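All remarks here apply to the structure that follows.
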Amino acid sequence: MSRGRVLALADDLSGAAETAIALRLPSRIVLGASSGGLRAEGGSVALPATGDCVVVDLDSRQLPPTHAARSVQTAVAAGAFHGGLLFKKVDSLLRGNLAAETAAYAAGARGVVIASALPVAGRTVRGGVVHLGGVPLHATDAWRAEGRPPPRSVSQALRGVPTALVPLSVVRGGALADALDARFAQGRHPVCDAETDEDLDLIAAAAHELGPDVRTLGTGGLAAALGRLLAPAPGPAVPRPRDTPDRPLLVVVGTAEPTAVAQIAHLTAVGARHVPLSADELMSAPTSRLDITPIGITVVSLTGPVSPASSRELVTALASAVADVAGGSDLVLTGGETARRVLDALGITQLRPVAQIHHGAVHSRAPDGRCVVTRPGSYGEADSLLRIARALRPETPHPEPPHPDPVHPAPSRLRGEAL
């Protein structure tokens, strides 16, 4: 399959970076449609050349639905006018303005093929229902920070958009393109079940077979399937920035995910400095009074409960405080909202992806030369931040193994003893 030009849209920055790496093409990440010159009318449009990809972070997850839809409409009009392949990245937990943005994305297309599974993260779709580790999304606490219950299915999340289920048996049945076309003929957009990357490969191939007036919408898993289709061999890697161990490494954890506590602990175990900030400190204290100037590896995180209603204001305050001291620091930013606000405060409008450290943790280079790693807040094992730090700072020590207790030595395991 020959490489084509691709315009991809994401509703937050960590998702945009994940998409750029997954598509396997030389890529540029643009922070906001206006900063990249993506305009449907008047003036030139800075879209990718053949074989290249532009991924636009529309920064629309927290916008009112009508504003989010308008940002998608503008970007789609630019991409469609220039004949590019369009891809819309959505959150694998179905967060954001999913219905409004999908309706805008579908306008003018014969149909949209929807696949919201992300097998690499244990997120599958069966019977049109997203499952996390085999548990339906609506039976988990994955939406605890949203302030409302999660949708019970992909179709419910897309309320107002006409959809039709494509069960797993059809995805794997050998006539998927015909099945998708039949749903388009009914005026419906197919929602595809998927449990594996191979399922997503079948979906991407069938959608591509139906032509450029059929668009795809899904997670980074579907983006990766499109990447394998368009570029069976990954393109040449962007040269890695020169090692800069003399620069501070500033890690900003703006997520409320419980896993963040363990991730930070792995960093502090190897000597990183941790500066926890409460909401009251951020919102009331002048930045000059917050002791967050980075030295070596410094982790800044939010502590205590965060109300969904005030989360955007709080993240903006965190970003402002960080930008005041970031200087020439390299950055690790967890949570798409946090990452975008920090880079906005620093005046950084574009990134060039360099490599993926682990799934979702994307190492990019900013125009000013600094390294920037973005990662969704809900991703990563307990050692995620340590792995990222070690990728940027190979000299970071390994954690020391726990010392045996001389008073209460660990009991030896006897033959037949349960492990």
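Going through segment 198-215 one residue at a time, which ones are part of a loop (DSSP other than H, G, I, E, B) and modelled with pLDDT of 95 or more?
Keep residues of segment 198-215 that are part of a loop (DSSP other than H, G, I, E, B), which gives 210-213.
Matches in segment 198-215: L210 only.
I'd like to verify a number: residues in segment 259-280 that are out of contact with any strand residue (DSSP E or B) (no Cβ under 9 Å at 6 or more places or on another chain) and either assigned to a loop (DSSP other than H, G, I, E, B) or of a type in the set (D, E, K, R) (or both), how many?
So the answer is 2.
Please go through segment 207-223 and pick out each residue that is of a type outside the set (A, V, I, L, M) and out of contact with any Asp or Glu (no Cβ under 9 Å at 6 or more places or on another chain).
Hits for segment 207-223 are H208, E209, G211, P212, D213, R215, T216, G218.
May I ask you to list the residues in segment 202-214 that are more than 20 Å from the chain's Cα centre (by Cα) and either more than 15 Å from R5 (Cα to Cα) or of a type in the set (D, E, K, R) (or both)?
L202, I203, A205, A206, A207, E209, L210, D213, V214
Here is a check on your reading of the model: is L176 buried (at least 24 other Cβ atoms within 10 Å of the Cβ), outside the structural domain of L267 (by TED's automatic domain parsing) and at pLDDT 95 or above?
Judged against the criteria, L176 is not a match.
Got at least one residue in segment 139-151 being of a type in the set (S, T, N, Q), more than 30 Å from P26 (Cα to Cα), within 21 Å of the chain's Cα centre (by Cα) and at pLDDT 95 or above?
Yes: one or more hits.
Between residues in segment 263-280 that are closer than 15 Å to I292 by Cβ and surrounded by fewer than 19 Cβ atoms within 10 Å (Cβ to Cβ) and residues that are of a type in the set (D, E) and at pLDDT 95 or above, which pairs lie under 8 Å by C-beta distance while being six or more apart or on different chains?
Pairs that qualify, where the first residue is closer than 15 Å to I292 by Cβ and surrounded by fewer than 19 Cβ atoms within 10 Å (Cβ to Cβ) and the partner is of a type in the set (D, E) and at pLDDT 95 or above: there are none.
Report the residue count in segment 343-384 for those that are under 16 Å from the mean Cα position of the chain (by Cα), in a helix (DSSP H, G or I) and of a type in the set (A, V, I, L, M, F, W, C).
Result for segment 343-384: 1.
List the number of the failed condition for G84; all other conditions in (1) within 20 Å of the chain's Cα centre (by Cα); (2) under 22 Å from A22 (Cβ atoms) hold.
(1)
The values are calculated or read from the model by the stated rules, or taken from the named source; none is laboratory data. Predicted, not measured: the structure shown is a model, and the values here were computed from it. Quick reminder, even Gly has a Cβ in these numbers, built from the backbone with ideal geometry, and neighbours come from all protein chains shown.
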